[in-house]
Amino acid sequence: MPLSDNDILDLLNERRMARGVVYGRMAAIAEVYGNEYVVPLHEADGSRSDPFVANLIAQAIDALGQRIASTMPTPVFPTMGDSLKAKRDSRLRAEAITGMWAASGFDLQMPSRSRHYVAYGVSASMVIPDFKLGTPRWRRCDPLSTFPAETDVDELVPDDCIHVFSQNGAW
């Protein structure tokens, strides 16, 4: 049975509360990386908190993100048997994935996904239908507004996920 709007809002609020500390840290890193962090002057305000070293954090995120994004993943589908059909099926699966990546601009999404992974420890994405092409499409998501269900560490796909975004009135 599908969830009602209120059930989804309750789940969203529950996940925001449960992960508030983690998402707060992620937001602080985003603030530093986006040059929105105000560096405190200890002499002026008398505070003793250790400031972020904003330039070093941004440089580290960019450098590691670029290094990760410099290599595209290679999809591997093991052959299920020794027949020619099994080998052909394996090759077709790999070609289908690389074709979906090409149509989705995966190579253009890799740098930002890599920076998300380095900065936040997560890189959210989803596969959506492309009704014009009749194929799946890979879409990058903002980790700060993505709230997946709790899963086991070994699970890559959560049971459900709430994405928070805004649309204009014409949508």
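Details
- With respect to (1) touching a strand residue (DSSP E or B) at 6+ places or on another chain (Cβ under 8 Å); (2) free of Cβ contacts under 8 Å to residues at least 60 places away in the same chain, the lone exception for I162 is condition (2).
- Some residue of segment 40-53 being at pLDDT 90 or above and surrounded by 12 or more Cβ atoms within 10 Å (Cβ to Cβ): no
The values are calculated or read from the model by the stated rules, or taken from the named source; none is laboratory data. Since the model is a prediction, treat every value here as computed from it, not as a measurement. Counting neighbours? That spans all protein chains shown, and the Cβs are built from the backbone with ideal geometry, glycine included.
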